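See structure below.
Read-outs: derived from the displayed coordinates by stated rules, not from any lab. Bear in mind that the values here come from a model prediction, so they are computed numbers and not experimental data. Every residue, glycine as well, gets a Cβ built from its backbone with ideal geometry; the counts of neighbours run over all protein chains shown.
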Amino acid sequence: MEVAKLPDRPKVGIVGCGIISQLLLDGAALAGTNICAVCDADEKRAVDAAYRFGADVCTDFDAMLARPEIDAVIIALPNYMHYDAARRALDAGKHIFCEKPLTTSVRDSLDLARRAGDSGKVFQVGYMKRFNPAFAAGVRSLQDIGPVTGALFRLTVNGDPILEGPGIEAQSWHSDIRKSGGGFLVHSGSHLLDLMMFYFGAPESVYGSLSRDVNGNEYANNYLFKMPGGVFVTLQMCITRAQGFSYAGGIWEEKVEINGLNGRFFAEDADWKGLIPSRAFLHLSDGDGPKALFTYWESQWAEELKAFEEGMSRGKCLGSSAVDGYRVDYILDQLKKLEDSPGLIEFNYEL
Ligand SMILES: NC(=O)c1ccc[n+]([C@@H]2O[C@H](COP(=O)([O-])OP(=O)(O)OC[C@H]3O[C@@H](n4cnc5c(N)ncnc54)[C@H](O)[C@@H]3O)[C@@H](O)[C@H]2O)c1
């Protein structure tokens, strides 16, 4: 279905028409985002993606940036290209929605976050779990459950390792540690870290450990984060060979559980793409038992793009900001130090 163009809404270009852009563009169609230009080095991919929006097609990102009528760009390129693409887009005066992780190096993420702050443009990072309706309901429930006595964020996956071993040529940038910046911890752990910060702010320290297989894949991640206000969060990311363990009978499951003096919040998701409805429960001390909080479905991809557009009209980022993106990359870098040697790390953010 072709989506009507709305002339009074910001004009948005997207660069990178691979796996994630299909989900982002489904979200854009639902949100009514004015996608007016589509760019990919592979012209056929760009043509296919542009069709339903009636958008212009190009294969050169600089040509897209040179168009003054384009207000904002969505960067859906491989991780190692984010820094350069986002810098050029900021220099061209565009608002930016950049897929996660912000970059593959803490230095570059810090530099980008500083430049984004100086630019006055909205810079949102694509941590869409903030817009998953079940997880968002948890933030709204914090007041009801009272002082937090403990929280758990956990991802369990069957057979996720993707990194190629030493000396093996990677089939794609996803499995090449130099281009992706890491495996399980980076592509999925980054999401959990951002979600944890969405609930409680930036952590002050961590105690924990990570274990890797021979190819460098992190398969057991167990951390205890000290958050502002003295809240403690257990964060686990575990690979298992078990089957059918999610509530939908699948092999991928993300859970958030927050216990407070007055009640307990619990949410779970069975599909990172958001195609299976996630669910959330609030269990208060009123004796009524757990109450389902979320009974309707919203696309996390559409919601994050609506927030990006709303942010442009209000002049501030309403999702995960460039500073959040830098902090996630900083924490990831610190966690890598815990390999095979459990320990305590205090965080010293530069932003
Ligand atoms: N939010 C999420 O949950 C989530 C999930 C998956 C991927 N991602 C992120 O999305 C980004 C893209 O991942 P993907 O899996 O879609 O990658 P992909 O390899 O499927 O797609 C990347 C696209 O970029 C194009 N490209 C490469 N170089 C280019 C250039 N110089 N100019 C124009 N186009 C170019 C490629 O042709 C390809 O179509 C990554 O940062 C990844 O981490 C986020």
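Based on the alpha-carbon gyration tensor of the range 15-139 and its eigenvalue square roots a ≥ b ≥ c, which shape applies: rounded if a/c is under 1.5, prolate if not and a/b is larger than b/c, or oblate? Oblate shape, in that a/c is at least 1.5 and b/c is the bigger or equal ratio.
The ranking of V15, V47 by Cβ neighbour count inside 10 Å, starting from the fewest, reads V47, V15.
Taking the helices alone, the chain has a mean residue ellipticity at 222 nm of -9000 deg cm²/dmol, built from -39,500 (n - 2.57) per DSSP H run of at least 4 residues and averaged over all its residues. With a Cα cut-off of under 22 Å and a minimum spacing of 8 residues unless on different chains, the lysine pairs in the range 89-184 number 4.
Once a ≥ b ≥ c are taken as the square roots of the eigenvalues of the Cα gyration tensor of the chain, is the result rounded (a/c under 1.5), prolate (a/b larger than b/c) or oblate (a/b not larger than b/c)? Prolate shape, in that a/c is at least 1.5 and a/b is the bigger ratio.
What's the center-to-center distance, using Cα atoms, between the range 287-319 and the range 8-57 in Å? That distance is 22 Å. Using the Cβ-Cβ distance between E346 and N158 with R0 set to 51 Å, the FRET efficiency from 1/(1 + (r/R0)^6) comes to roughly 0.90.
For the range 117-160 versus the range 173-207, the inter-centroid distance based on Cα atoms is 13 Å. Projected onto planes of every orientation and averaged, the convex hull of the alpha-carbon atoms in the range 224-351 covers 11.4 nm². Of the residues C17, C238, C58, the one with the fewest other Cβ atoms within 10 Å heads the list, and the complete ranking is C238, C58, C17. Would you work out if the range 144-225 is rounded, prolate or oblate? Take a ≥ b ≥ c from the square roots of the eigenvalues of the alpha-carbon gyration tensor; rounded if a/c is under 1.5, else prolate when a/b is larger than b/c, oblate otherwise. Prolate, since a/c reaches 1.5 and a/b exceeds b/c. Note: relative contact order over the chain, using C-alpha pairs below 8 Å and six or more positions apart, is 20 percent.
Of all DSSP beta bridges located in the chain, what percent are antiparallel, nearest 5? That works out to approximately 60 percent antiparallel. For the residues E169, E303, E268, a GNM of the chain with alpha-carbon springs under 10 Å puts the largest fluctuation on E169. Given +1 at the Cβ of Lys and Arg, -1 at the Cβ of Asp and Glu and no other charges, the dipole of the range 1-115 around its Cα centre is 320 debye to the nearest 20.
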